[in-house]
Structures are given as structure tokens and as C-alpha cells.
């Protein structure tokens with residue numbers, strides 16, 4: 001069994017934000033998908049567990065943008081205080097939807 005990523009995926013978060021903001025997702029779809037996979041695994045680890053960290057899962061407002069949340073994380077350098085307010089459900093839903101959109105277009 002492959003374990004969930006346990007280190008905060010700051011590099012992958014930066015890569016995802018950069019690809020989305022620059023419009024280069026299609027150009028580097030394999031790398032983008034891998035970065036999303038690591039991000040998704042860490043989000044699931046944070047939400048579901050396997051003895052994972054205890055994080056305060058907060059609901060994001062309806063108009064919250066996952067990319068903006070990821071940018072905040074990238075700017076925070078993955079600090080623990082920033083991690084405690086991460087709307088992982090929003091980011092996980094967005095990551096899965098974004099990958100499916102890219103694969104079907």
C-alpha cells in the first residue's frame with residue numbers, strides 16, 4: 001500500500017498555482033496531474049487520517065476560490081498556523097474536478 005504524503009506539499013502547491021495562473025496546465029499535464037495527486041493525497045491524509053494531524057476543518061465560503069487558498073498556502077511557506085485554517089474539502093473537490101476537466105478537454 002502506498003502511504004499518504006505526510007510532508008506539507010509546498011512545492012506541489014506552488015506548481016499547481018503557477019500552472020493554473022499561467023494557463024500552462026495542458027502543456028505539462030503529466031506534471032500537473034502528479035502535483036495534484038500529491039496535493040490530493042495530503043488533503044485526504046489531513047481530512048481522513050491514518051493517524052494524521054488534527055486539523056480544524058473549516059467550511060469555506062461559497063465564493064471561495066481553491067486557487068486563492070493554494071496561493072495563501074504557497075505564500076505561508078506551509079506554516080502550521082496557516083495549515084490549521086485550510087479548507088481541505090474545497091481544495092480536494094477542486095483538484096479532482098480540475099484534473100477531470102483537463103483530461104476531458
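The values are calculated or read from the model by the stated rules, or taken from the named source; none is laboratory data. Note that this is a predicted model, so its numbers are computed, not measured. Cβ coordinates were reconstructed from backbone atoms using ideal geometry, including for glycine residues, and neighbour counts include every protein chain displayed.
I'd like the residue in region 85-105 that is more than 23 Å from residue 29 (Cβ to Cβ) and touching a residue at least 40 places away in the same chain (Cβ under 8 Å) and, out of all such residues, is surrounded by the fewest Cβ atoms within 10 Å (Cβ to Cβ).
Only one residue fits best here, namely 89.
Among the residues of region 7-24, count how many are surrounded by 13 or more Cβ atoms within 10 Å (Cβ to Cβ), in a loop (DSSP other than H, G, I, E, B) and under 15 Å from the mean Cα position of the chain (by Cα).
The number of residues fulfilling the criteria is 2.
Considering only helices (runs of 4 or more DSSP H) fully contained in region 32-105, which possess at least 2 residues that are under 11 Å from the mean Cα position of the chain (by Cα) and at pLDDT 80 or above?
So the answer is 66-76, 88-104.
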